[in-house]
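**Student:** What follows is a structure written as structure tokens; I'll ask about it next.
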Amino acid sequence: MALTVGKYVLTRLATVVIVVVGVTGLTWLSVNALRPDLRAGDDRFIFVALADYLQSAFLHFEFGRSRTSGREIEELIRQGLPADLSLLLGGLVIGLGAGIAGGAYCAARPGRLASRALESAAALFMIAPVYVVGLVLLLLFGSGLGMVESLAHVPTTYVSFAESPLGWAGALAVPWLVLGLPLAGVSLRMMRASMTDVLHEDYLRTAMAKGLRPRTVVRRHAVPSAVAPVFTLTTVTMPVVVTNLVLIEQVFSIPGVFTGLRRGIAAGDFDLLFALTAVAAGFVAVAGLLADLALAWLDPRMRTRAAP
């Protein structure tokens, strides 16, 4: 069993590395092929230059110097990565938790007013742009600028965890919520559909016939059986989640890795853009890895089939 789990994890880790390096390499190759002037004075074959860049970036963690800030790009990544990881993980936990719980409730109690309200809210969260939702919350409840003065306590400045754990959680609470809402809407709809099918399985009817309460059957048996498609869908939607993360950084002034993205695009800071591509690809690939591990934990047959 331990050998099977080890092979499964190593296979998925290798996939993450291949995806991140491959996406970064293709981006570098495409830009340099379209803009030969970027390699002025470099007479090396383009694939040799690409190999040198990938070696420097992924073996020595050297992405060069940013033209817009004048600082080493790896330093910018080290400083901004903790804020981005905190924002991403918090948004995923809130989005998945709320979506799974809401979908299970809607499937177990179809047609009720609360279920219809949750389904309507999920549809709204899926289409509402996160930067609009964030701006509205800041204008209503933002500290120092909120229109609802009695509730205007949403922090407008970021506080690092090292400075104050409580202040850090308070500064990220609303960004976590805004990032998680679209994922919660998608997860709710998927969980409701999956639960609806599972609730008609014979083994659940047998459990209820043995005297277990319906709530216990749903929580212990139906939810674990129905949640797998939600994790799969999360992997598919991760590019959108990362895009929303970039927008939320701008709205709430969170000093993450992507803070300089807009200026980098405007100034043609390609070294910075290549590095940000690698970071974004890493977020998506690692999220896929975590989803695969969660699925393997829920259904051990998956890691058995995946292992050679």
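**Student:** What residue among Met126, Leu179, Val241 has its Cα farthest toward the positive end of the dipole of region 2-306, where the charges are +1 on Lys, Arg and -1 on Asp, Glu, each on the Cβ?
**Tutor:** Working it through, the farthest residue towards the positive pole turns out to be Met126.
**Student:** In degrees between 0 and 90, to the nearest 10, how far off the longest principal axis of the chain does helix 165-198 point, with axes built from Cα atoms?
**Tutor:** Helix 165-198 and the main axis of the chain meet at about 50 degrees.
**Student:** In a Debye calculation with equal point scatterers on the alpha-carbon sites of region 2-306 and no solvent, what is log10 I(q)/I(0) at q = 0.06, 0.12, 0.13 Å⁻¹?
**Tutor:** These q points yield log10 I(q)/I(0) values of -0.26, -0.94, -1.05.
**Student:** Next question, about the same structure. Based on Cβ point charges of +1 for Lys and Arg and -1 for Asp and Glu, what charge dipole magnitude is obtained for region 209-289 about its Cα centre, in debye rounded to the nearest 20?
**Tutor:** 840 debye
**Student:** How many percent of all Cα-Cα pairs in region 1-144 sit more than 25 Å apart?
**Tutor:** For region 1-144, the share of Cα pairs beyond 25 Å comes to 60 percent.
**Student:** Would you please give the residues with an amide H less than 5 Å from that of Arg67, counting only those at least 5 places away or on a separate chain, with H modeled from the backbone geometry?
**Tutor:** Leu272
**Student:** Once the dipole of the chain is set up with Lys and Arg at +1 and Asp and Glu at -1 on Cβ about the Cα centre, which of Phe63, Val31, Val21 lies farthest towards its positive end?
**Tutor:** Checking the options against the dipole of the chain, the answer is Val21.
**Student:** A further question on this structure: Hey, if you put +1 on the Cβ of every Lys and Arg and -1 on every Asp and Glu Cβ in the chain, which of Leu10, Phe45, Leu81 ends up farthest toward the positive end of that dipole?
**Tutor:** Leu10
**Student:** Using the Cβ atoms and a cut-off under 14 Å, what net charge is assigned to the surroundings of Ala107, where Lys and Arg are +1 and Asp and Glu are -1?
**Tutor:** +4
Readers should treat all values here as calculations from the given coordinates under stated rules, not as data from a laboratory. The structure presented is a predicted model; accordingly, all values stated were derived computationally and were not measured. Cβ sites come from the backbone with ideal geometry, for glycine too, and all protein chains shown count toward neighbours.
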